[in-house]
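Working notes, beginning with the structure itself.
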Amino acid sequence: MADTPADPGGVGVAQGARPAPTILAVDDDADVLRATQRILEEAGFHVLTGATAAEALELTQRHHPALVLLDVMLPDGSGVDVARQLKSDPALADVFVILFSGTKVSSDNQARGLAEGLADGYMVRPLRRPELLARIDAFLRIRETQRALRESEERFRALVEWTPEAVVVHRGGKLIYVNPAAITMFGATSAEDLVGKPILELIHPESHEIVLDRMKKGLDDSLGAPLTALRYLKLDGTTIEAEVQDTAIVYDGEPAIQVALRDITARNLAEEALRKSGEQLASAVDGSGVGLWDWHPQSGEETFSDHWAEILGYTLDELAPTSIETRRRLTHPEDLQRADLLLEEHFSGQSDIYACEARMRHKDGHWVWVLDRGKVSEWDADGRPLRMIGTQLDISERKQAEEALRDVAARLALATRAGGVGLWDYFVTDGTVVWDEQMFALYGITRQQFSGAYEAWQASLHPDDRERGDAEIQAALRGEKEFDTEYRVLWPNGTIRVIRGLGLVQRDAAGLPTHMIGTSWDVTAQRRAQVQRNQALTDINVEQLRLNDELVGEGAILEAANATITRIAATDVLTGLANRRHFYQALEKTVSLARRHGSPSAVVSLDLDGLKRVNDSAGHRAGDEVLTSFAALLIDLCRAEDLPGRLGGDEFSVLLPGIELGGGGGLAERARAAVRSCEALKQRGVTVSGGVVQWSPGQLPDDLLRRADEALYAAKRVGGDAVASDG
C-alpha cells in the first residue's frame, strides 16, 4: 500500500492557490491501482492507495480525502458495503465516493445506488484518463460549491444574530430559524419556543390570506415587496403589526424564505390616535412625549399642541400666532430643503407617510433633534392636500447615542491602524489563511507573494520557530490552551522581525475546530529593547510608560463612551431616574418573574400637584428644580431592589418587586410626607398624589400601569395630596 502524505487538514481544493485535494484509490488489482495512481499524480493530486475494504475504511477515516475511488469487489468485502458505511458517518458527509467495476452497471442499479446514497457515481474499468479526470473535476466543483454555500450560510447566521430587526426563516410554511430579535418580538424565551411551528400560528387570521398568497407564489419575482399592516400574534396572544420583507434564500442547502419584520404597532397606534379629534386626541397622547400639529397647506394655518411647544421650551402663547412659517423659522436652515423634498414626495404619492429628522431651535438657543411625521387626511377635488395631521417627537437622546457609537467605532479603527495590528483568519478544514493588508506589511511581502495556504504561513517563519509555531496552533485547536505566542518572521530580504500573535478557535456543533481568528503585531522593537536594557534602561522605562499611557487612555475613552451610551439609553436626563423605556423593560421582566414564581409585585404611580402652576409662575427652570428635588426624595425612600422612574413630565412610577399592596401604599404615604416636609417643595406649594396597585395573575405590564394611573386619578379627584389604591 502506497501512502502519499495528505495535505494539511486532509482536504484541499484544486483551484488557485489552495492545496491539492487528496484522493483515495482502492483496488485489489495492483496494475489498475498503479495506473490510477499515476494518472492522478500527473494531474497534481495527493494520492492514497489501498487494496482491501478494511484499508478503505481506515484511510478514509484517518485522512478524510476529498474523493474515494472504490472497486466494487474487494478481497475482504464488498465496495458497496464500504460505501454504505462511509455514507452513514456524519463526519465524512463531504467525502464523495465513486464505485467502479469490471462490468457495466445497469442504469437501474446506478439510479438505485444514487437514490439510496450508496455512491455519488459509477465507472467501468479500465479507467480512461479523460473520463476519470472529468468526473473528478465535476465532483470537486460540486464540493467547492457546497463549501462556499456553508460559508455563506454561516455569514448569514452571524449577521442576523446581531441585527436589531426580527428575522425568521421558513420552508413550506414551517419555521426553521429565528434570530434573537424575533424571539423577543414574539414574547418567546428561546428559539425552541418558535422553531418547528407553522408560521400561520404566529399570524393573525385577518392576515392569513395575504401570507398564503405570498407562499403560493413561492420564490418568484414578487418576493421583496414590503407589506404594511400585516398582523402577527405573540405567544401570549397579543396582536402586533409589522412591516415585512420577504427574500428567497438558500438555507441548509435548500430553498427557503427569509422574512424580516419591523414592529410598527406603536407607530400605527399613534397614527390612529391622530385621526381622532380635539380633546380626545390630546387626552390620548398626554404624557407620551409626542407633540401634535394640524396644518392646512392651502391657507398656511397650523396649530400645535402644548407638548409640541414644550419640546422647544415654549408655551403656545409665546409662539402665537402659529402658522407653517413658525415651524420653518425654528427649523435649522440645512434641514429645511430635505424636509421640503420629503413633503413633496408625500404630496405626490411617492410615500405614504411624511417622516423627517430635523434640528429645531430651542428657546434657550440650542438645537433639538426631532422626528417629524405626518399624513394628509383630506384632499380637494383637484388632488391637492387640504389638511395634514402629524406628530413631533424629541429624538435628541437617540442622536446623542448614535454619535457616541460612531465615535467609539472611529476610535477603535484609529487605534487598530495606529497600532499596526493585523487581522487574520485560519480555516482549519481546508488549510487556507486569509490576511488583511496590515498582515502583509508585518511579514514584509505583497498579497501576490502569499499563496494563502497554512504551509505558506509556516514557511514565512524563521526556521528555528516553525515547529514551535505549528505546535502552538495545534495545541489551541485541540483546546489545550489559547494561541498566544511570539515568533520570528523571516522577510524575503533577510530581515528578521518578532511578531506577537493572539487567536481564538471557533468550533462546530460537534466541538470540532472550524477556524481560528486572531490579531498580530510587530514587537521587534520591544524585544530589542529588552536585549539592550542594561545599556538603555532609562529609555526603555520611558517607552514602556508611554505605551502604557496610550493603552490606558484608549481604554478609558472606550469605557467612558460605553458608560455614556448605557446611561443615555436607560436614564432620564433631568432627574437621573430610569426613563420610560428602561422602566417598562424592568416592569416586563418583573411581571415575567411574578408569573413564573408567583411572587408579589407592586407599582406606585406618583404625580406632583401644582407643578404646572410653578412652571407658569416661576418658569420651567423652577419646575425642573421641583422635579429634581422630588426625584432625590424618591431615591432616598426606595430600597436597592426598587426602581423609581420618570415616565414623562411630572409623571413618576416606582416598581416594587416582592412587595404587596400594603407595602406599596406605605411607600406612597412616605413619599407624600417627605414632600410635605421638604422645605424647598413647601415653598413652591407642591404636594404629591399617588396610586398603588399589586400585580394579579394573568395581568400584563400595560394592565399594571393603567390600573396604577386610574388609582392616581382617583387620588387627584379628591383634591390631590392623597394616596389611592386599586386592590
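The values are calculated or read from the model by the stated rules, or taken from the named source; none is laboratory data. Keep in mind it's a predicted model, so treat the numbers as computed, not measured. In this analysis, Cβ positions are derived from the backbone assuming ideal geometry, glycine residues included, and neighbour counts consider all displayed protein chains.
Side notes on the structure shown:
- Residues being free of Cβ contacts under 8 Å to residues at least 12 places away in the same chain and out of contact with any Leu (no Cβ under 8 Å at 6 or more places or on another chain) - total across the stretch 337-351: 8
- Of residues in the stretch 598-624 being polar (S, T, N, Q) and surrounded by fewer than 16 Cβ atoms within 10 Å (Cβ to Cβ), the one nearest to Leu312 (Cα to Cα): Ser617
A quick yes/no check of all residues on (1) under 30 Å from His462 (Cβ atoms); (2) buried (at least 17 other Cβ atoms within 10 Å of the Cβ); (3) at pLDDT 70 or above:
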residue	(1), (2), (3)
Thr495	yes, no, yes
Asp508	no, no, yes
Asp539	yes, no, no
Thr575	no, yes, yes
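- Being part of a helix (DSSP H, G or I), without any contact (Cβ under 8 Å) to a residue 40 or more places away in the chain and of a type in the set (A, V, I, L, M) holds for only one residue in Ala673, Ala680, and it is Ala673.
- The set of residues from the stretch 17-73 being assigned to a loop (DSSP other than H, G, I, E, B) and surrounded by fewer than 21 Cβ atoms within 10 Å (Cβ to Cβ) comprises Ala17, Arg18, Ala20, Asp28, Asp29, Ala43, Gly44, Ala51, Thr52, His64, Val72.
- Output for the stretch 430-478, where each listed residue is under 30 Å from Val95 (Cα atoms), in contact with a helix residue (DSSP H, G or I) (Cβ under 6 Å, 6 or more places away or on another chain) and aliphatic (A, V, I, L, M): Val433
- Residue in the stretch 634-646 that is assigned to a helix (DSSP H, G or I) and under 30 Å from Thr238 (Cα atoms) present: no
- Sole exception among (1) over 19 Å from Ser599 (Cα atoms); (2) surrounded by 15 or more Cβ atoms within 10 Å (Cβ to Cβ); (3) over 41 Å from the mean Cα position of the chain (by Cα) for Leu627, by number: (3)
- Cys638 falls short on exactly one of the conditions (1) surrounded by fewer than 20 Cβ atoms within 10 Å (Cβ to Cβ); (2) closer than 26 Å to Arg717 by Cα, and that condition is (2).
- Test: residue in the stretch 165-178 that is under 22 Å from Lys589 (Cα atoms), modelled with pLDDT under 85 and assigned to a loop (DSSP other than H, G, I, E, B): yes
- Within the stretch 468-488, the presence of at least one residue that is more than 34 Å from the chain's Cα centre (by Cα), part of a helix (DSSP H, G or I) and surrounded by fewer than 16 Cβ atoms within 10 Å (Cβ to Cβ) is confirmed.
- Among the residues of the stretch 599-649, those that are touching a residue at least 24 places away in the same chain (Cβ under 8 Å) and at positive phi comprise Gly610, Gly648, Gly649.
- For the stretch 316-333, filtered to residues that are under 24 Å from Asp616 (Cβ atoms) and touching a Leu at 6+ places or on another chain (Cβ under 7 Å), the residue that is surrounded by the most Cβ atoms within 10 Å (Cβ to Cβ) is Leu330.
- Only one of the numbered conditions (1) under 18 Å from Val428 (Cβ atoms); (2) in contact (Cβ under 8 Å) with a residue 12 or more places away in the chain is not met by Gln506, and that is (2).
- Test: residue in the stretch 351-358 that is surrounded by 14 or more Cβ atoms within 10 Å (Cβ to Cβ) and of a type in the set (D, E, K, R): yes
- Of all residues making up the stretch 180-189, the number that are under 18 Å from Thr163 (Cβ atoms) and part of a loop (DSSP other than H, G, I, E, B): 2
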